[in-house]
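Every number in this text was worked out from the coordinates using simple rules, so none of it is lab data. None of the values given here were measured: they were computed from a predicted structure. Every residue, glycine among them, receives a Cβ derived from its backbone with ideal geometry; neighbour counts consider all protein chains shown.
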2 protein chains.
Amino acid sequence: MNEDQIYAMRHSLAHITAQAVQHLWPEAKFGVGPVVENGFYYDIDLGEVKISEEDFPKIEKEMRKVIAANYPFERSEKAIDEAIDWADAAHQPYKTELLNDLKRAGTTVAKDLDTETLGVAAEGEGAVENVSFYTDGDFTDLCRGPHAESTGKVGAFKLMRVAGAYWRGNEKNAQMQRLYGVAFATQEELDRYLHMLEEAKQRDHRKLGQELDLFVTSPLVGAGLPLFTPRGTVLREELAKFSNELRENFGFRKVWTPHITKIDLYKTSGHWDKFGDELFLVKSQETSDEFALKPMNCPHHTQIYASQPRSYRDLPVRYCETTTDYRDEKTGELGGLSRVRSLTQDDSHVFARGDQIEQEINQLLSAARDMYQALGMKLRVRLSYRDDGKGYLGDEILWETAQEQLKAAVEANNLEFFEATGEAAFYGPKIDFMATDAIGREHQVATVQLDFVQPLRFELEYVGESGFKETPVMIHCALMGSIERFLSVYIEHTGGRFPLWVAPEQLRIIQVKDSDEVVGFVRRLSEKAAEHGVRYVVDESNESVGKKIRAAAKLKVPYTLVIGEKEVAEGKLTPRVRDDLAVDGREEQGYVVDQFFVSLANEAKARASKSSL
Amino acid sequence: MNEDQIYAMRHSLAHITAQAVQHLWPEAKFGVGPVVENGFYYDIDLGEVKISEEDFPKIEKEMRKVIAANYPFERSEKAIDEAIDWADAAHQPYKTELLNDLKRAGTTVAKDLDTETLGVAAEGEGAVENVSFYTDGDFTDLCRGPHAESTGKVGAFKLMRVAGAYWRGNEKNAQMQRLYGVAFATQEELDRYLHMLEEAKQRDHRKLGQELDLFVTSPLVGAGLPLFTPRGTVLREELAKFSNELRENFGFRKVWTPHITKIDLYKTSGHWDKFGDELFLVKSQETSDEFALKPMNCPHHTQIYASQPRSYRDLPVRYCETTTDYRDEKTGELGGLSRVRSLTQDDSHVFARGDQIEQEINQLLSAARDMYQALGMKLRVRLSYRDDGKGYLGDEILWETAQEQLKAAVEANNLEFFEATGEAAFYGPKIDFMATDAIGREHQVATVQLDFVQPLRFELEYVGESGFKETPVMIHCALMGSIERFLSVYIEHTGGRFPLWVAPEQLRIIQVKDSDEVVGFVRRLSEKAAEHGVRYVVDESNESVGKKIRAAAKLKVPYTLVIGEKEVAEGKLTPRVRDDLAVDGREEQGYVVDQFFVSLANEAKARASKSSL
């Protein structure tokens, strides 16, 4: 099936759902029933009757009857007044309301309504004359279509949930019941989707965040302001270190800027006008200066660039900074790490000459590619170009050559890409990276963005080869974007089974007996672990060995050593390796102590995704 | 001379200064003339006459005449009305004003005035009856004393500067001229002090900050909010890394907390009541929650501790975090890095049982000792205990044993210390570290502070061995305190000649010719440098070798390699070593490339203060 067919199929299932509900509860009043991502819903008013998940088998059974009957979907038209009479006669007050509105306001309003459900082709302006209906078997609905050929051709579906929804989204209106379903062309696709949902639930980063003790929130600190425990802080730091190292290889150098600034900085950059209402304002009790928490770092970095004269030979100047920005997000939208008020960016800015763009982009793309390869996520990129419209700032020729350089760099890096004309920012073209996680979801992650405007607004310059002053181009790039948001993706991608290099705890040493020999050996192992920079925990509690092993497994620790008298006597280590890290066909063997820790340190250093033991 | 004698000597010099001024400008009206750090001043009204530094030799010559005459300082008393008559007759309106105020308000006000200058012993309450005067030769001044025996016994002095000062510090009053001098018991001490001042001027961190390109400020960002360039960021990061590593060795683990919080956190901690006006308030446009920028990190860390149940076996729990706090300092008090609004703390907190205090303090002291030893600064510590007064919170027995444990730990670490009763915070005893810099100035740096109160306010607990809930003790510790302020000290301590491990640029490679051989060799060296993690810069400009060497010297780069055809042919490296790093008596010799970089990397790793080459 193509996209259009899947759309028609989902829309047809919305009708069939309503039809089944009407069979079961003939008094049902229907609202609208559109297609949504992966499925559909229908808003239904059943008066005092509340549908629950326990009713789903019954409704689905009724739907299957309609499907089995394989009714054709038949289109018909009625004049608007005739349609209103039909809705009245059918005791469908919501349909009546929609049709009356439509009649009153014509196509202008129809555009704002759900025209597919309304059964109008809301093109042009003026009075609505006819509306269309679709009928399958004993059910007729006001509808624009299109639909599947017949009720038998609607693929595989499942009702998922029911939730309250106000009629037309207005809380002053009646509350209806919104019945959601998902639908795919084949049962296999549906099963895959349901499995992915189940996996996603298991991997929910909020759940894992708690189970693995990664981050916490506090009502005293506030929503959207997570605090990171020692374990979570390791994740943040290791990922940020990797991200920085990849760029430091290309000459990026760290800078540091404060988290607050006079708003003058954002007035000059232009962010104040565009994003002023997303800023946290800071009130000084000592000065009349107006401050804000920084929502982004580029304006700060321009001030370091501008602090001394630059020549064409000094360019490119490359700064990177892992620093926290603050954005005044709505409280209702905050959840786990996906959306937070404190966003730590692995940010960087290049100040370059026009002829250096391709090389710089090239290096940044290669850094992004290396990063996501190591993280085991497939990347594809969107190249966002300008269109012929107005509102783009900066020199047109610069835009053109820049866009060519972007594309050349993407091709040179063998990255899967697609081009999107008209998707550029007003200040320059950009590259967005989409990464696919282990359960097939695609997330927007890194961006590389050209900027022709901020250098002008801040009057940045360098002395060109000719001796004249010229304006540099800025290149914004973050490999992860917000570390918090990226962690929400990465925790779910790995399901908390972090590879060694990023694992908060890399090695658990389980002490089986507290004899002098065993305690001494464990101490020696601890010292070796510390020496090799291994993050380890010794479990010397009085629990049973089985319980201790399960405790380590629950925390998804990559390696576990159980140390009893046998190990002391043999002087050999036989680590338990976490399932997903183990390499098939490798015989379990003992390691002498030094060899074990050297292997471990090398595996971590290589940022390997499999065990080297 | 003891402290009291030096005090009397400096005060006598204030009189002698006024006396000399009166000889030169008989119409002079005198304000007050107190002792200040290292010297004294006198406020003088000379009407239209402006004293300048050019007048200092003349005034000093006149002072020396008075000193040579060796007049005894003779004390006398007058009744308050008689004293007022004397001041009127002497045409000293400022003295008249002070005496009248004194008469009106009695000793209560006298306490707020400069009683030494006023010549009253402002003890007790009630009317002032008599005031004292001191006379030397032809000069008499209202004065409480004490003074040197005679004008001949006033050590060595020098007039330093003259500045405007409003009478009684009120800008509505007349502007006077404040004439400053410094004075020491011997000429040698004075010379040493003047030399130190000269050195301090050379080492001024604001001057070096610019010369060495370490940090910048921007009027768009605001006062007290420095931005760190790549070079300055290396300093911050290396010092913070060292500070953290020293504690990570003792089981501290990094955490991360946001820079803003609901003010509820500081209301619970008690900081809101005490320091509310030092906080930057943060206004959300999305929620009615009230936020503030965090001025300290302990309350945040309590929330991580409190996020899960703790048992006596889990303690101590040790967190460290290098994070930036914000304090709403007065604009007029901001300067360079000494006082800033953005303070990055190398902070840490231990949550411990009462019986663990000594061991924890011991470890922290040893970390502080190691740090300052590596930094080449002498440490001494002040042990601040409670006195018998009220207002101290927490269990008295806990206070007593804690103070004993503090002292035992200080002694175990062989630290020079002194004890200060009554200097503890209300919530616990503490240890303050004073570090002496290369030019003899002492700075307060690290602190270790016990806290019996915050754990109670946040209801922190752990399950004790007995099964009952108990309250942990908190131990606050920062080894540098504010990194910005510490950098202002450290930059001046080193004069910008940073040891290798902390030097922003460790190696400068000067390329002498651009022949293929030389360029290739320089490239090979660059690769080796990168491989060994050496921070290097290649100078391939077209300047002369001499100019390039001077450029590297100006930036105080530890090692410089000049690479021409000779070096390529020999394949040996003969580094130029910065003066202060060089070890006497070591013959300059060539190094093969690998050997050179291995030595460099080892020297940096060892955080050595001398060259290993």
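Brief remarks on what is shown
- Ascending list, in nanometres, of distances separating the A:Leu281 label from those of the other copies (7 Å, Cα toward Cβ): 1.2
- Distance (nanometres) between label positions extended 7 Å along Cα→Cβ at B:Ala606 and A:Ala438: 4.5
- Here the range B:417-563 is assigned +1 on the Cβ of each Lys and Arg and -1 on the Cβ of each Asp and Glu. Its dipole about the Cα centre then comes out at about 820 debye.
- Within 10 Å of each Cβ in A:212-223, the average number of Cβ atoms from other chains: 6
- Centroid-to-centroid separation of the range A:356-422 and the range B:478-519 [C-alpha atoms, Å]: 36
- Legend: mean number of C-beta atoms from other chains within 10 angstrom of residue C-beta atoms, peptide A:225-235, equals 6.
- Shape category assigned to chain B from the gyration tensor of Cα positions, a/c cut at 1.5: oblate
- Computed over the alpha-carbon pairs of the range B:373-434, the distance histogram in 10 Å steps reads 22, 50, 22, 6, 0 percent, short to long.
- Phi angles of the range A:469-477 translate, via the Karplus equation with coefficients 6.51, -1.76, 1.60 and θ = phi - 60°, into HN-Hα couplings of 6, 10, 9, x, 9, 9, 10, 8, 7 Hz per residue; Gly and Pro are given as x.
- Given A:Lys294/B:Lys262; A:Lys50/A:Lys78; A:Lys572/B:Lys605; A:Lys207/A:Lys605, the pairs whose alpha carbons are separated by over 22 Å: A:Lys50/A:Lys78; A:Lys572/B:Lys605; A:Lys207/A:Lys605
- Relative contact order computed over the range B:366-509 (Cα-Cα under 8 Å; 6+ residues apart), in percent: 22
- Taking Cβ atoms as reference points and 12 Å as the exclusive limit, the residues near B:Phe228 contribute a net charge of 0, counting Lys and Arg as +1 and Asp and Glu as -1.
- Taking the number of Cβ atoms within 10 Å of each Cβ as an exposure proxy, the fewest-first ranking of A:Ile509, A:Ile260 is A:Ile509, A:Ile260.
- For the range A:190-245, the gyration tensor built on C-alpha atoms gives an oblate shape. Its axis ratio a/c (a ≥ b ≥ c) is at least 1.5, and a/b is not larger than b/c.
- Across the range A:316-331, coupling constants 3J(HN,Hα) worked out from phi with the 6.51/-1.76/1.60 Karplus curve, θ = phi - 60°, read x, 9, 10, 10, 10, 7, 9, 8, 9, 9, 10, 10, 7, 6, 5, 4 Hz, and Gly and Pro carry x.
- Cβ-derived FRET efficiency at R0 30 Å, A:Ala408 paired with B:Ala530, nearest 0.05: 0.65
- For the range B:283-297 versus the range A:526-554, the gap between their alpha-carbon centres in whole angstrom: 40
- Distance violations [Cα-Cα > 30 Å] among A:Lys267/A:Lys330; B:Lys58/B:Lys556; B:Lys95/B:Lys153; B:Lys407/B:Lys610: B:Lys58/B:Lys556; B:Lys407/B:Lys610
- Pseudo-label separations to other copies for A:Asp584 - Cα-to-Cβ vector, 7 Å, nm: 7.1
- Shape analysis of the range A:290-355 based on the Cα gyration tensor places the equivalent ellipsoid semi-axes at 32, 13, 8 Å, largest first.
- Around the amide H of B:Lys283, modelled in the peptide plane, lie the amide H atoms of A:Leu281, A:Val282, A:Lys283, all under 5 Å away and 5 or more residues distant in sequence or on another chain.
- Karplus 3J(HN,Hα) series, Hz, for the range B:271-278 with 6.51 cos²θ - 1.76 cosθ + 1.60 (x for Gly, Pro): 5, 4, 5, 7, 10, x, 7, 9
- Bridge orientation summary for the protein assembly as shown: considering DSSP beta bridges with both residues in this region, about 85 percent are antiparallel.
- Selection from B:Pro472, B:Gln373, B:Gly389, by position along the positive dipole direction of the range B:369-492 (Cβ): B:Gln373
- Cα centroid of the range B:238-274 to Cα centroid of the range A:47-87, whole Å: 60
- Charge tally in the Cβ shell below 12 Å around B:Arg247, where Lys, Arg are +1 and Asp, Glu are -1, B:Arg247 excluded: -3
- For A:Gly39, residues with placed amide H under 5 Å, excluding near neighbours: A:Ala183
- Spin-label model distance (nm) - B:Glu48 vs A:Glu37, 7 Å beyond Cα toward Cβ: 8.3
- Shape category assigned to the range B:198-329 from the gyration tensor of Cα positions, a/c cut at 1.5: oblate
- Using a 7 Å projection from Cα along Cα-to-Cβ, the label point at B:Val545 is separated from the same position in the remaining copies by 7.0 nm, smallest value first.
- Mean projected area (nm²) of the alpha-carbon convex hull when the protein assembly as shown is viewed from all directions: 63.2
- In this calculation the C-beta distance from A:Ile397 to B:Asp277 is compared with R0 = 60 Å, giving a FRET efficiency of 0.60.
- When only Cα pairs below 8 angstrom with a gap of at least 6 residues are kept, chain A shows a relative contact order of 10 percent.
- Diagonalising the gyration tensor over the Cα atoms of the range B:459-613 and scaling each eigenvalue by 5 before taking the square root yields semi-axes of 44, 18, 15 Å, largest first.
- Near the amide H of A:Arg178, within less than 5 Å, lie the amide hydrogens of A:Ile44, A:Ala163, A:Gly164, A:Ala165, all on another chain or at least 5 residues away, with H placed in the peptide plane.
- Cα-Cα P(r), the range B:268-404, percent of pairs per 5 Å interval: 2, 7, 11, 14, 19, 18, 15, 9, 4, 2, 0
- The GluC sites (Glu not before Pro) found in the range A:343-430 that occupy coil by DSSP, while having at most 14 further C-beta atoms within 10 Å, are A:Glu416.
- Calculated FRET value between A:Lys554 and B:Asp580, using beta carbons and R₀ = 56 Å, to 0.05: 0.55
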